[in-house]
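Student: Below you'll find the structure I mean.
Bear in mind these aren't lab numbers, they're just calculated from the coordinates by the rules spelled out. Note that this is a predicted model, so its numbers are computed, not measured. Glycine gets a Cβ as well: all are built from the backbone with ideal geometry, and neighbour counts include every protein chain shown.
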Amino acid sequence: MNRDGGSHGWPRIVLGFGLIFAVFALFFAAGFGITAFIYRYTGPPPEVLAHILSGLTAFLLLGAVVGIFQAIRRHSDVAKRHQGIHNQLLDALAQIAQGNFEVLIDTDDHHVHHDIAHAINEMAKNLGTLETMRQDFISNVSHEIQSPLTSIRGFAALLKNDSLPAEQRQHYAAIIEAESKRLSSLSENLLKLSALENGKKPLSFRDFRLDKQLESVALTLEPQWSAKRLLVEADLQKCSFYGDEDLLSQVWINILHNAIKFTPEGGQINITLTADGDMGVVKITDTGAGIAPEEQFHIFERFYKVDKARDRSLGGNGLGLSLVKKIVELHGGRVTVDSEITKGSVFQVFLPGLHCV
Ligand SMILES: Nc1ncnc2c1ncn2[C@@H]1O[C@H](COP(=O)(O)OP(=O)(O)OP(=O)(O)O)[C@@H](O)[C@H]1O
Ligand SMILES: [Mg+2]
């Protein structure tokens, strides 16, 4: 508690009242002076009216002066706020230029710079998301490079042992070969994806028979499915499609390759091609491991593998389905998955503009 407050309080109150009185007196004097000046020309009115008029003039004067002061203060407040936002905008842009995307400019909807501030906030948010994606991408690529390299290095070191039985030597050499293939498919798929994503790969569209393409892809993969004693059946409507033949063939290879990879020995794969109007549907069904519902949302993302710690023998970098999605979308279509764990999966590719007989 301030004990001095009491001793200083009274003089201040007296001073305050004195000041208010002085201001009123000044304005009344001014009001009186102005009306007296006017009466010189008009002649004085009755005394009571003269008092009322000079009092009114004093109040009007006082009101005008207070109004002007308030307008000046409001104007300088607005100018200060403008300057504040202006500085915030410059500061935010400087931070973004330095790579810090966690900026947020605080403005209200009525502010003249609101649109710019909102656009800068959006830009910072999007750049932040891109930056996170870039960092995730680098760490995924590094991981995908690192793990095959580690096994190549390890098995190459084991191969140096001269007393190794021939069978084991073969086994280690096969692992080294498979891991090198995985590395080269990583770089190949990454190049393809980035070329497709930034539109650098020109698409060469032409008419071709989609059913024939599916048949030939299934036949090309025969060594893989017959090695696992899989039953592969196809029921294909005769249809032609206008698209990039090589890219589309990559779509079927990737989906079928997964079906073969994730289906246990003795399983079955079905391929059908049907059309509803000009909308074609390619359906690839397997009796494999299946994918849990919460994983199904992610399998088309780059580097996504359901079983992260999966056996090396299955290979793969988690890029196949992201390529599928990109290629199908470039053809105006979409790809869906429907799957039940341990029962199998159904991948459907919808392609518009099919001509079937
Ligand atoms: N037919 C399927 N049955 C079960 N799981 C599947 C099937 N197809 C895809 N998946 C799951 O989706 C993941 C992503 O598939 P994707 O083809 O993108 O990558 P990958 O096969 O692991 O590697 P890559 O295709 O680059 O060689 C797979 O790792 C697998 O977990
Ligand atoms: Mg794959």
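Student: What residues from the stretch 21-45 fall in the zone where the backbone N is under 19 Å from a label point 7 Å along the Cα-to-C-beta line of His51?
Tutor: Once the point is set 7 Å along Cα→Cβ of His51, 24-37, 39, 44-45 turn out to lie under 19 Å by backbone N, inside the stretch 21-45.
Student: In Å, what is the Rg of the alpha-carbon atoms in the chain, and how long is Dmax?
Tutor: 40.4, 134
Student: What do you get for Rg/Rh over the stretch 23-76 if you use C-alpha atoms and the Kirkwood form of Rh?
Tutor: 1.13
Student: I want to check the label-to-label distance for Ile138 and Leu26. Put each point 7 Å from Cα in the C-beta direction and report it in nm to one decimal.
Tutor: Calculated label separation equals 6.7 nm.
Student: Sorting check: for 318-324, 19-25, which peptide has the highest mean count of neighbouring beta carbons within 10 Å, and how do the rest follow? Each step should come with its number before you reach the end.
Tutor: Details: 318-324: 21.1, 19-25: 10.9.
For the peptides 318-324, 19-25, the packing ranking is 318-324, 19-25.
Student: Shifting gears a bit: Add +1 for every Lys or Arg and -1 for every Asp or Glu among the other residues with Cβ under 10 Å from the Cβ of Leu247, and state the total.
Tutor: 0
Student: At a 10 angstrom cut-off on C-beta neighbours, averaged per residue, how do the peptides 76-86, 339-349 rank from highest to lowest?
Tutor: 339-349, 76-86
Student: Ranked from highest to lowest mean number of other Cβ atoms within 10 Å per residue, what is the order of the peptides 153-164, 172-183, 248-259?
Tutor: The peptides rank, most packed first, as 248-259, 172-183, 153-164.
Student: May I pose another question? For the chain, what is the mean residue ellipticity at 222 nm derived from helices alone (per DSSP H run of n ≥ 4: -39500 (n - 2.57); sum divided by total residues; nearest 500 deg cm²/dmol)?
Tutor: -21500 deg cm²/dmol
Student: Once you place label points 7 Å from the Cα toward the Cβ at Gln83 and Asp276, how far apart are they in nm?
Tutor: It is 6.6 nm.
Student: Around Leu236, with a cut-off of 13 angstrom between Cβ atoms, what is the net charge of the other residues, counting Lys and Arg +1 and Asp and Glu -1?
Tutor: Neighbourhood net charge equals 0.
Student: Taking the chain as the reference, fit the longest principal axis to its C-alpha atoms, fit the long axis of helix 114-159 to the helix C-alpha atoms, and give the angle between the two in degrees, 0 to 90, nearest 10.
Tutor: Helix 114-159 sits at roughly 30 degrees to that axis.
Student: What number, in percent, do you get for the relative contact order of the stretch 50-124 if the mean sequence gap of Cα pairs under 8 Å and at least 6 apart is divided by its residue count?
Tutor: Numbers: 29 pairs, mean separation 16.5, N = 75.
Reported as a whole number, the value is 22 percent.
Student: To continue, here is another question. Could you tell me how many degrees, from 0 to 90 and to the nearest 10, lie between the Cα long axis of helix 210-220 and the main elongation axis, the longest principal axis, of the Cα atoms of the chain?
Tutor: 60
Student: How far, in nm, would the chain grow between Asp235 and Ile38 when pulled straight, counting 0.36 nm per residue and subtracting the alpha carbon separation?
Tutor: Values: separation 197, 0.36 × 197 = 70.92 nm, distance 10.82 nm.
60.1 nm is the gain from fully extending Asp235 to Ile38.
Student: At R0 = 30 Å, how high is the FRET efficiency between Ser184 and His298 if r is their beta carbon distance? Nearest 0.05 is fine.
Tutor: It comes out at approximately 0.75.
Student: Let me ask you something else. State the Cα centre-to-centre distance between the stretch 255-308 and the stretch 83-146 in whole Å.
Tutor: Value for the Cα centre distance between the two parts: 38 Å.
Student: Per the Kirkwood definition applied to all pairs of different Cα atoms, how many angstroms is the hydrodynamic radius of the stretch 202-356?
Tutor: Result for the stretch 202-356, one decimal place: 15.7 Å.
Student: Could you give me the percent of Cα pairs per 5 Å distance bin for the stretch 84-233, shortest bin first, beginning at zero and ending with the bin that holds the maximum distance?
Tutor: The percentages, shortest bin first, are 1, 7, 9, 9, 9, 10, 10, 10, 8, 7, 6, 5, 4, 2, 1, 0, 0.
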